[in-house]
Amino acid sequence: MPLPRPPRRRRAVWAAASLTAAAALLTGAIPAVADSAQADSATAKVDSALAKAVSKGDDATFFVVLKDKADLSAAKQQRSHAKAATAAYKSLKAHAADSQKPLNAFLDKEKVGHQDFWITNAVKVTGDQDLVKELAKRSDVKEIVKERKFTLDGIETSDAKVTKDRSGVASSADGTDTPEWGVADIKADKVWDQYEDRGEGIVIANVDTGVQYNHPDLVKQYRGNNGDGTFTNDYNFYDPTGNCAADGTPCDNNGHGTHTMGTMVGKNGLGVAPNAKWIAAKGCESGECSDGNLLAAGQWILAPTDHNGQNARPDLAPNIVNNSWGQKYGTDPFYEDIIDAWKSAGIFEAFAAGNFGDGQTCSTTDPPGAQVDAYGVGAYDSSGNVAKFTGFGPSRIDGSMKPNITAPGVDVQSAWLGTSYNTISGTSMATPHVAGAVALLWSAAPSLVGNIDETRKLLDAGATDVDDTHCGGTADANNVWGNGKLDILSTIDKAPHTAVTVSGKITDKASGKGLADATVKATNDATTRTVTTGADGSYRLSLPPGTYTFSLSAYGYAADTVSGVELTTGEPLTQDAALTPVPQHAVTGTVLDVTGEPLAKATVSLPGNPVEAVTTDAQGKFSLPKVAEGAYTLRAAPAAPVVCNGTYNGELKVDGDKTADVKLPNRTDAGGTYACAPVASSWIKGSTATGLTGDEDAKTIGLPFPVKYYGVSYTSASITTNGLVNFLQPRLGEYANTALPAAAQPNGVVAALWDDLVLDKRSSVQTAVTGKSGARKFAIVWNNAAFASDTSVRISFEAVLDEATGAVTLQYKGIGDSALQRGGSATTGIENQAGTDGLGHSFNETVLSDATAIRFTPKGA
């Protein structure tokens, strides 16, 4: 039960946002407010919103932006997209790690949790006015800016226009290719016909509200679709907002992101480049997008990760990214560093120009689309009139001409949630027309892939001029229409036509039947292009001239490789291949948990292959009856509650019937910093009273030896009535437990038993030290604590800190049949200082007993 908050003491507790977020370099801020004794010629700028937020003694979350910037020149000199993205990632990562060390040492000393970013040189913290003043005095700090929220760019999201079919679009004879009005207006359908180009080999992303990945017009183009009813979401979808499933399955809780993706790559005439692949980062919570999540998404675009935000693969970065959001009436060059990083990797970005114009007023475009470094897109309607809502230039950020180009953005029908469609308007709807158009251009003229400047010039040159100079400019380039109306056919007509068309058919060698969803990959030092075959086994792709290796693969068939293939401009190549089917065999085995006991209900699968996943029986046994010969990853995942059971991923070579007995590994946090394991209980009795009593209270205690927790050494910690050890500063009102890790405060905690507890006269919290110096153990013991929801139910538990290993052990006592005692309303586990990583043992799960003892051991201990 919460009590009134005591008088405020100085606090500086980090409030997390998302994994791998990045802060923007902002300008136009006001000088920090500092006492005359603290004034310094090196005082950094503090933006007015932050100064106001902390002026009355409250905490605020903000970005500390450092002066030094990484050198991206090496990335810009790379020949291939993958190499450029990798070089940019390495440069940014190394520079941030080195330049942030002094700042982070200060924050750690102050017990301030922080999240460090590399795509721009910034650190995110939460603190009060005193902390802001101290940071502003640092000579390495450029500016300090408050965390903000941004808006989606769509202006019409009424469900009144949601339909179950393509309302208003006439059906073609085969029901496949009748284009939406905007697709036809930019002449994308003519590109399909005249150049046989639908975006093959190009990967498009969006930073938006997510994507309904299994929409019938989008599912086939999802890069994570394995073509067999299974999906690989790592590196193909990322959700820093935490709104989608924890396993990384894509979602969209708004519809906006699904709509924009439909305009880019939707099938059946819906999208501009229907044969391009898509991936997505959910940078918007729903109707709003916090800058932390947007920046996390921006970082993922440059270096896609698994769903935990780990194990970055910049070589899997998309070619193009669409951004249909902006800062309403903004004046800051938000996303500046991220755009520069994308460009250095050869990623084309398109930004909505904003929906807050009135059809007359100038300088109404919004950042990032209003920035000179961003390619901003305005909107027009099906009658060819500029949309009344679209923003006009010149940019109030930097005076540049805006928008850069204009595209269809009024009454645009596209994919919506479930299997439906929606007709909405906005520069949000115009921008994906441009992103899709770039996919067509780069597919038809692959020598342009990654060449951002030349691509912009061609888009501008191909656009249809519209003479409206009332906001300045000329007839062919003005602040109402930009360079004019998007015309992708004209743009491609003007592009260099040096590409070589390679086409063919992949068939079953035994039957001659075409193989659908077979993969064709062409590679050389400068280019990698991948396409999948259609229903009849046919494929087509365009490649720059050169010498290539072709890799051909399909499940159930022996892979084939053709090397030394010379491609010459003007000489198209037919490259057919017949793949040999391979035998199938049974794979059986047993799954054991971390203790070596058979594990029931575990899911066993071969990810990325059309082999139906199975679950283990009561004895932990499983059987995959028909698996084609080949090399696989065998995955075994525990059912909930997973406690300390991790997921097994091991190599499996099938060349006959196989027995695969596996033991699940100990579960680790996302960064692999700590591992969780059940151990034998060894209760330590408390001996020294702490004096902590009551409800919603905390007490700071000294530690008998330095404790290194998530890389930071501490000599004191706070303990709370609600079963937490907090290495930062406690916040009262923490009776409402959450799963770990969690962005919400408190952060930097050990949750021995985080529940709404009361310490009355029958309860106590004690400490005890055992062992000799160098091998001591320090126990924090909650004795006979009562549950606030039922004070007749009590529990004893403890957190034990190990001097020798740095391990944290949680132990329990006095547990009977009560669901409260067994953890039914509690959280147990650990979390880092930023709330971005941790290892939750349980959350509202009845998994505790007198025998339960869980140890969290740091890597290398």
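A few remarks follow.
- Taking each residue of the stretch 508-535 that is closer than 30 Å to Ala85 by Cβ and looking for partners that are basic (Lys, Arg) with beta-carbon atoms closer than 6 Å, six or more apart or interchain, yields Ala522/Arg529; Ala526/Arg79; Thr530/Lys521.
- Restricting the stretch 274-307 to residues that are over 16 Å from Asn243 (Cβ atoms) and surrounded by fewer than 24 Cβ atoms within 10 Å (Cβ to Cβ), the residue that is modelled with the lowest pLDDT: Asp306
- Condition met for Ala535 (under 33 Å from the mean Cα position of the chain (by Cα), more than 18 Å from Lys505 (Cβ to Cβ) and not assigned by TED's automatic domain parsing to the domain that holds Glu196): no
- The residues of the stretch 606-658 that are in a loop (DSSP other than H, G, I, E, B), of a type in the set (Asp, Glu) and within 33 Å of the chain's Cα centre (by Cα) amount to a single one, Glu612.
- Some residue of the stretch 763-783 being farther than 30 Å from Pro706 by Cβ and either modelled with pLDDT of 95 or more or not assigned by TED's automatic domain parsing to the domain that holds Gly292 (or both): no
- Cβ-Cβ under 9 Å pairs, at least 6 apart or on other chains, the stretch 573-584 side closer than 9 Å to Lys509 by Cβ and without any contact (Cβ under 8 Å) to a residue 40 or more places away in the chain, far side surrounded by fewer than 16 Cβ atoms within 10 Å (Cβ to Cβ) and small (Gly, Ala, Ser): none
- When the stretch 847-861 is limited to residues that are part of a loop (DSSP other than H, G, I, E, B) and among the β-branched types (Val, Ile, Thr), the one that is surrounded by the fewest Cβ atoms within 10 Å (Cβ to Cβ) turns out to be Val847.
- Meeting the requirement of 2 or more residues that are without any contact (Cβ under 8 Å) to a residue 24 or more places away in the chain and polar (S, T, N, Q), the strands (runs of 3 or more DSSP E) wholly within the stretch 741-846 are 790-802.
- Test: residue in the stretch 308-324 that is among the small types (Gly, Ala, Ser), within 24 Å of Ile186 (Cα to Cα), in contact (Cβ under 8 Å) with a residue 24 or more places away in the chain and not assigned by TED's automatic domain parsing to the domain that holds Gly838: yes
- Whichever residue in the stretch 122-162 is at pLDDT below 90 and among the small types (Gly, Ala, Ser) and, among such residues, is farthest from Ala296 (Cα to Cα): Ala160
- All positions within the stretch 70-81 that are within 16 Å of Arg529 (Cα to Cα) and surrounded by fewer than 21 Cβ atoms within 10 Å (Cβ to Cβ): Arg79, Ser80
- Residue in the stretch 47-54 that is surrounded by fewer than 19 Cβ atoms within 10 Å (Cβ to Cβ) and either part of a loop (DSSP other than H, G, I, E, B) or at pLDDT below 90 (or both) present: no
- Condition met for Thr419 (touching a strand residue (DSSP E or B) at 6+ places or on another chain (Cβ under 9 Å) and of a type in the set (S, T, N, Q)): no
- For the stretch 818-845, a residue qualifies if it is modelled with pLDDT under 95 and of a type in the set (Asp, Glu), and exactly one does: Asp837.
- The stretch 93-121: number of residues that are among the hydroxyl-bearing types (Ser, Thr, Tyr) and either at pLDDT 95 or above or surrounded by fewer than 22 Cβ atoms within 10 Å (Cβ to Cβ) (or both): 1
- Sole residue being buried (at least 17 other Cβ atoms within 10 Å of the Cβ) and outside any loop (DSSP other than H, G, I, E, B), chosen from Val502, Val466: Val502
- When the stretch 535-581 is filtered for residues that are surrounded by fewer than 16 Cβ atoms within 10 Å (Cβ to Cβ), outside any strand (DSSP E or B) and of a type in the set (A, V, I, L, M), the ones remaining, listed by number, are Ala535, Ala558, Ala559.
- Every condition in (1) out of contact with any Phe, Trp or Tyr (no Cβ under 9 Å at 6 or more places or on another chain); (2) of a type in the set (S, T, N, Q); (3) farther than 29 Å from Arg667 by Cα; (4) surrounded by fewer than 13 Cβ atoms within 10 Å (Cβ to Cβ) is met by Gln584 except one, and the failing one is (4).
- Test: residue in the stretch 724-735 that is among the hydroxyl-bearing types (Ser, Thr, Tyr) and in a strand (DSSP E or B): no
- Where Thr230 falls short, out of the listed (1) touching a strand residue (DSSP E or B) at 6+ places or on another chain (Cβ under 9 Å); (2) at pLDDT 90 or above: (2)
- Selected residue (criterion: nearest to the chain's Cα centre (by Cα)) from residues of the stretch 348-391 that are buried (at least 24 other Cβ atoms within 10 Å of the Cβ) and β-branched (Val, Ile, Thr): Val377
- For the stretch 226-258, filtering for residues that are surrounded by fewer than 23 Cβ atoms within 10 Å (Cβ to Cβ) and within 19 Å of Pro274 (Cβ to Cβ) leaves 1.
- Boolean, Gly702 is surrounded by fewer than 20 Cβ atoms within 10 Å (Cβ to Cβ) and at positive phi: no
- Residue pairs whose Cβ atoms lie under 8 Å apart, separated by 6 or more positions or on different chains, with the first residue in the stretch 272-291 and farther than 24 Å from Gly182 by Cβ and the second basic (Lys, Arg) and part of a loop (DSSP other than H, G, I, E, B), are Ser290/Arg148; Asp291/Arg148.
- Picking from residues in the stretch 133-155 that are aliphatic (A, V, I, L, M) and over 27 Å from Gly283 (Cα atoms), the one that is surrounded by the most Cβ atoms within 10 Å (Cβ to Cβ) is Leu135.
The values are calculated or read from the model by the stated rules, or taken from the named source; none is laboratory data. Everything numeric here is computed off the predicted structure, so don't read it as measured data. With ideal geometry, Cβ positions are generated from the backbone for all residues, glycine too; neighbour counts draw on all protein chains shown.
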